[in-house]
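Heads up, the thing below is written out as structure tokens.
The values are calculated or read from the model by the stated rules, or taken from the named source; none is laboratory data. Computed from a predicted structure; not experimentally measured. Note: ideal-geometry Cβ built from the backbone for every residue, glycine included; neighbour counts use all protein chains shown. Just so you know, the surface numbers come from the protein's heavy atoms only, side chains and all, with ligands and any DNA or RNA stripped out. Shrake-Rupley method; radii C 1.70, N 1.55, O 1.52, S 1.80 Å.
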Amino acid sequence: MTDLTWTELPEVDPDRPDELVVDFSGEVYRAGTDETFVIGRGGDLDIDDNPYLHRRFLVLRHDSGLWWIANEGSHLSATLTDGDGLVQSRLAPGASMPLVFSRVILTFSAGPTTYEIDLITAEAGRFTGIEGVQESRGQTTIGATPMTRSQRLLILALAEPVLKRAGTGAAEIPSSASAAARLGWSLTKFNRKLDNVCEKLDRVGVRGLRGGRAGGVASNRRAALVEHAVSTLMVTAEDLPLLDEEYQVSRAAEGSASGEARIDTAPVPPPGGSRAGEDA
């Protein structure tokens with residue numbers, strides 16, 4: 001368990017049952033059926049001055065009794081997941097889809113930053129959820145790909161800033177050097193395992209993970225990896241204590257190899273530390 005305090009979801013106003021509620025990092029917006037709501041750099045939801053983000057990216061409008069979301073960007077995609085993490089859809093540039101669940105978790109990445117936004121409507125009475133057996137912590141998420149322990153630890157180290165964030169908002173993905181230090185791994189080991197994880201997920205159709213480490217591709221693939229892992233519940237906030245455990249195990253192994261077997265009591269380096277040696 002974690003000691004994080006999660007923010008309470010806003011609700012649709014009973015006097016305006018057809019409204020759309022948008023929650024971003026505690027900022028709550030309410031749009032009526034006669035309004036168009038734009039998410040982007042300079043939209044109704046002015047996220048931040050991120051040069052990788054479209055000025056007019058996602059557009060929400062009410063039509064035929066439903067709220068629809070359209071991607072009007074040219075190169076960014078978004079992921080929409082139902083509130084239980086069971087159904088996931090990818091919204092490519094030029095595509096649109098209706099919001100058919102009462103809560104939709106919207107995630108997307110622009111450069112090294114990943115964003116999460118809650119979209120809330122009153123659709124619960126019209127559409128029902130998916131029935132079936134679901135293990136705790138979302139391990140039966142649709143499209144889940146089995147990972148080894150070390151692969152999950154790698155993903156967890158990259159996703160830590162997102163998972164530590166209590167509720168929606170933005171989080172910068174750590175550099176490979178920072179994530180490797182968080183685990184007590186060498187950068188070479190981290191990059192090798194990152195390549196393996198990206199290749200595994202690329203084979204099952206996860207986009208944005210190919211292209212090697214040239215230019216800005218590496219930071220983009222880390223962000224895409226975190227976006228996928230968080231939206232599919234591959235890793236959750238409940239897994240975060242594993243990072244401290246792995247750091248201590250790695251330090252103890254180093255001490256043993258040098259004839260000084262001991263548990264390192266030095267502070268665990270936080271995410272976002274030195275960026276020296278980052279694989280761009």
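A full extension of the chain between THR148 and TYR29 corresponds to an added length of 38.8 nm, given 0.36 nm per residue minus the alpha carbon distance. Taking label points 7 Å from Cα along the Cα-to-Cβ direction, VAL100 and SER186 give a separation of 5.1 nm.
Enter the accessible area per residue of the stretch 34-74 (Å², integer; probe 1.4 Å; all protein chains in place). Walk me through the numbers on the way to the answer.
Details: 2050 Å² over 41 residues.
It amounts to 50 Å² per residue over the stretch 34-74.
3J(HN,Hα) along the stretch 64-74: 6, x, 10, 8, 10, 10, 10, 9, 9, x, 10 Hz, from the Karplus curve 6.51 cos²θ - 1.76 cosθ + 1.60 with θ = phi - 60°, whole Hz, x for Gly and Pro.
Amide H to amide H distances under 5 Å link SER175 with GLY272, where only residues 5 or more positions off or on other chains count and H is placed in the peptide plane.
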